[in-house]
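To start, the structure under review is shown below, and the notes come after it.
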Amino acid sequence: MNNLNFEQPDQKGYFGKYGGKYIPEQLQTAIAEVKEAYDKYKNDPDFLEEYHNLLKNYVGRPSPLYLAKNLTQKLGGAKIYLKREDLNHTGAHKINHCLGEALLAKRMGKKKLLAETGAGQHGVALATAAALMGLECEIHMGAIDIVKQHPNVIRMKLLGAKVVEVTQGGKNLKDAVDSAFAAFMQNYKTTFFAIGSVVGPHPYPMMVRDFQSVVGKEAKQQILEQEKRLPNALIACVGGGSNAMGLFNEFLADKEVKMVGVEPAGKSFKPGEHAATLTLGTPGVLHGMMTYLLQDEKGQPLPVHSIASGLDYPGVGPEHSYLKDSGRVEYTTANDIEALDAFLELSKTEGIIPALESAHAVAYAIKLAPEMDKEKIIIVNLSGRGDKDIDYIAEKLKL
Ligand SMILES: *Cc1c(COP(=O)(O)O)cnc(C)c1O
């Protein structure tokens, strides 16, 4: 059964009342061009063949669906399966949509890929796709993040990308997005804006979701092969929401499958100390979309914090806002301490060091599994690996 309401935004790019295209006049043509190209190529056999061939032979897909036996036994409840996006080339799910966006840019005759990055994960994945396809790449990154995420800055440079330091505002992800938008406005004729999550103006939330939906498609097939039935629950962390949409999309019409998105509760629920947008935010407009936001009375985005830089964003993809209001997906939180505990727990029990972002999803699985019957099945999206986080953890734990 396919419930189209859950799968496609309307003509103007709205999921319910969320999404749309809140962009300045000068960008209308450029974004319309992306929409037109995506509509043209998304069902084009040559385009899809090239995309899937890269996913297989360059990224290493399908990623395994792994039964975490030790963790399951230790918790004594539902079986926990991990969708191993951490094993992808470049170490996370982001390469899935970066290759799609880069292929599209190439088909459109663009010379350059432009994007923002927070922790540098999207920047690295995009610089990788650009190198592969012979495109230029320009990444905007906050000055604070450049210092914090130095190894990723080096990676981007090695891959041939130009890293633009953003010194305005809070000097982090939100300001990097503003800066990338401004640069795009000046060069949209030769440049493709490759947004890093299911956020931004239509068609980006839909397009990035579609490129990520390979995660859920594989997971469904894999669980049916291994268990001969659908899972009872899916769990994914939510920053902008691309890894979560990638896993959830294929299961939206399967009403019996519960879905949980886990947001970062950071240090506390005080403003500035978390990034729990759907849990504590209100609807508003940011970066071209209507969606839940953490904002002040004037509609200005609030500062955010999470131990996982990849979750540090005051907005969220509009489809998640819709799925929250409709009740189809439940949104909850894990804080810095719970994420850190889950990071250590998965490392020790399974020999898998997760990204701190993914550790938020693992933290919730650790809470949920013992409350469920042993016959039940949980799939956790392990969105990335933790190599990038070990220096930070070492300092924090004085290792
Ligand atoms: C960027 C990132 C995230 C957060 O982005 P989403 O769009 O919410 O998926 C989560 N996990 C990892 C490993 C990341 O690099």
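The values are calculated or read from the model by the stated rules, or taken from the named source; none is laboratory data. Note that the structure is predicted; figures quoted are calculated from it, not measured. Ideal geometry is used to build each Cβ from the backbone, glycine not excepted, and the neighbour counts take in all protein chains shown. All accessible areas refer to the heavy atoms of the entire protein, side chains included, with ligands and DNA or RNA removed. Shrake-Rupley method; radii C 1.70, N 1.55, O 1.52, S 1.80 Å.
A few points about this structure:
- Point-to-point label distance, residue 25-residue 136, nm (Cα→Cβ direction, 7 Å offset): 2.8 nm
- Computed over segment 98-163, the ratio Rg/Rh where both radii use C-alpha atoms and Rh is Kirkwood: 0.97
- Gain on full stretching of the segment that runs from residue 187 to residue 267 - 0.36 nm per residue minus C-alpha separation: 24.8 nm
- Given charges at Cβ of Lys, Arg, Asp, Glu: the chain dipole, positive-most of 248, 289, 321: 248
- Apolar share of the accessible surface for the chain: 51 percent from carbon plus sulfur atoms, 1.4 Å probe.
- Rounded is the label for the chain, because the ratio a/c of its alpha-carbon gyration tensor axes (a ≥ b ≥ c) stays below 1.5.
- Taking label points 7 Å from Cα along the Cα-to-Cβ direction, residue 347 and residue 165 give a separation of 3.0 nm.
- Residues in segment 61-94 that a label on residue 374 would reach, taking backbone N under 18 Å of a point 7 Å out along Cα→Cβ: 67-81
- Surface accessible to a 1.4 Å probe, per residue, for the residues of the chain, Å²: 40 Å²
- Values of log10 I(q)/I(0), in the order q = 0.13 Å⁻¹, for segment 124-198 under a Debye, Cα-only, solvent-free model: -0.36
- Distance between the pseudo-spin-label points of residue 396 and residue 108 (7 Å out from Cα toward the beta carbon): 3.7 nm.
- Taken about its Cα centre, segment 141-260 carries a charge dipole of about 180 debye when Lys and Arg each add +1 at the Cβ and Asp and Glu each add -1 at the Cβ.
- Only alpha carbons enter this Debye calculation for segment 46-187, each as an equal point scatterer, and the log10 of I(q)/I(0) it gives at q = 0.13 Å⁻¹ is -0.64.
- Subtracting the Cα-Cα distance of residue 32 and residue 52 from 0.36 nm times their residue separation leaves 4.7 nm of extension gain.
- Principal-axis tilt of helix 173-187 within the chain, Cα atoms, nearest 10 degrees: 30 degrees
- Take the Cβ atoms of residue 325 and residue 67, set R0 to 35 Å, and the FRET efficiency comes out at 0.55.
- Highest mean packing first, where packing is the average number of other Cβ atoms within 10 Å per residue, the peptides 376-385, 267-276, 133-142 line up as 376-385, 133-142, 267-276.
- Only helices enter this figure: runs of n ≥ 4 DSSP H residues, each worth -39500 (n - 2.57), summed and divided by the residues of the chain, yield -13000 deg cm²/dmol at 222 nm to the nearest 500.
- Of 17/220; 270/374; 40/112; 267/298, those spanning more than 31 Å from alpha-carbon to alpha-carbon: 270/374
- Ranked packing of 79-92, 233-246, most packed first, by mean Cβ within 10 Å: 233-246, 79-92
- Cα-centre dipole for the chain with unit charges at Cβ (Lys and Arg positive, Asp and Glu negative), debye to 20: 400 debye
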